[in-house]
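To start, the structure itself, in structure tokens.
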Amino acid sequence: QGQLVQSGGGSVQTGGSLRLSCEASGYTYTSYCMGWFRQAPGKEREAVARMSPGGGTTSYADSVKGRFTISRDNRENSLYLQMISLKPEDTAMYYCAQGSAYSGPGSCRRAEYRVWGQGTQVTVSS
């Protein structure tokens, strides 16, 4: 399978902003659902945001609505997560992932995400 390479992340104070990037190599994910996930130590991995191939349909975890924005640039084969108003609770390892091919509304929530980026750490301090 192709590979997803992430960049961005880092340490910020509460209220700060970060932008995560994810670039696909070896393939294009134009036709696939894409998503951002995160996992904090001792917690289960959770979906943060998901997006349809054309970017017209997005979904977010309740905890990040209004603060995080998922976007994609299919020409550059890139996926982004813009994060603002960061909170300590957002501290986690963040992963981008490729899901199944889009098949209609709700399919990205149901998709199987099988190709994963290497992860980038986001740390938010008070």
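Of all residues in region 35-63, which are in contact with a helix residue (DSSP H, G or I) (Cβ under 6 Å, 6 or more places away or on another chain) and assigned to a loop (DSSP other than H, G, I, E, B)?
Once the filter is applied, which keeps residues that are in contact with a helix residue (DSSP H, G or I) (Cβ under 6 Å, 6 or more places away or on another chain) and assigned to a loop (DSSP other than H, G, I, E, B), region 35-63 yields only 52.
Looking only at region 67-97, which residues are assigned to a strand (DSSP E or B), open to solvent by less than 60 Å² (accessible area, probe 1.4 Å) and polar (S, T, N, Q)?
Scanning region 67-97 gives 71, 78, 82.
Only one of 11, 100 is modelled with pLDDT under 95, surrounded by fewer than 17 Cβ atoms within 10 Å (Cβ to Cβ) and part of a strand (DSSP E or B); which? Spell out the reasoning first.
Details: 11 fails: modelled with pLDDT under 95.
Exactly one of 11, 100 is modelled with pLDDT under 95, surrounded by fewer than 17 Cβ atoms within 10 Å (Cβ to Cβ) and part of a strand (DSSP E or B), namely 100.
Quick one: would you say residue 64 is touching a residue at least 12 places away in the same chain (Cβ under 8 Å), within 14 Å of the chain's Cα centre (by Cα), closer than 22 Å to residue 122 by Cα and open to solvent by 20 Å² or more (accessible area, probe 1.4 Å)? Before you say what the answer is, go through the steps one by one.
Values: touching a residue at least 12 places away in the same chain (Cβ under 8 Å): yes; within 14 Å of the chain's Cα centre (by Cα): yes; closer than 22 Å to residue 122 by Cα: yes; open to solvent by 20 Å² or more (accessible area, probe 1.4 Å): no.
Spelling it out, it is not the case that residue 64 is touching a residue at least 12 places away in the same chain (Cβ under 8 Å), within 14 Å of the chain's Cα centre (by Cα), closer than 22 Å to residue 122 by Cα and open to solvent by 20 Å² or more (accessible area, probe 1.4 Å).
Looking only at region 83-97, decide whether some residue is more than 16 Å from residue 122 (Cα to Cα), out of contact with any Gly (no Cβ under 6 Å at 6 or more places or on another chain) and among the acidic types (Asp, Glu). Outline the logic, then answer.
Step one: filter region 83-97 for residues more than 16 Å from residue 122 (Cα to Cα), giving 97.
Imposing the further condition that a residue be out of contact with any Gly (no Cβ under 6 Å at 6 or more places or on another chain) reduces the set to none.
Checked region 83-97: no residue is more than 16 Å from residue 122 (Cα to Cα), out of contact with any Gly (no Cβ under 6 Å at 6 or more places or on another chain) and among the acidic types (Asp, Glu).
The values are calculated or read from the model by the stated rules, or taken from the named source; none is laboratory data. Keep in mind that what you see is a predicted model, and the values were worked out from it rather than measured. Backbone-built Cβ (ideal geometry, glycine too); neighbour counts: all protein chains shown. To get the accessible areas, we keep the full protein, side chains included, count just its heavy atoms, and leave off ligands, DNA and RNA. Shrake-Rupley method; radii C 1.70, N 1.55, O 1.52, S 1.80 Å.
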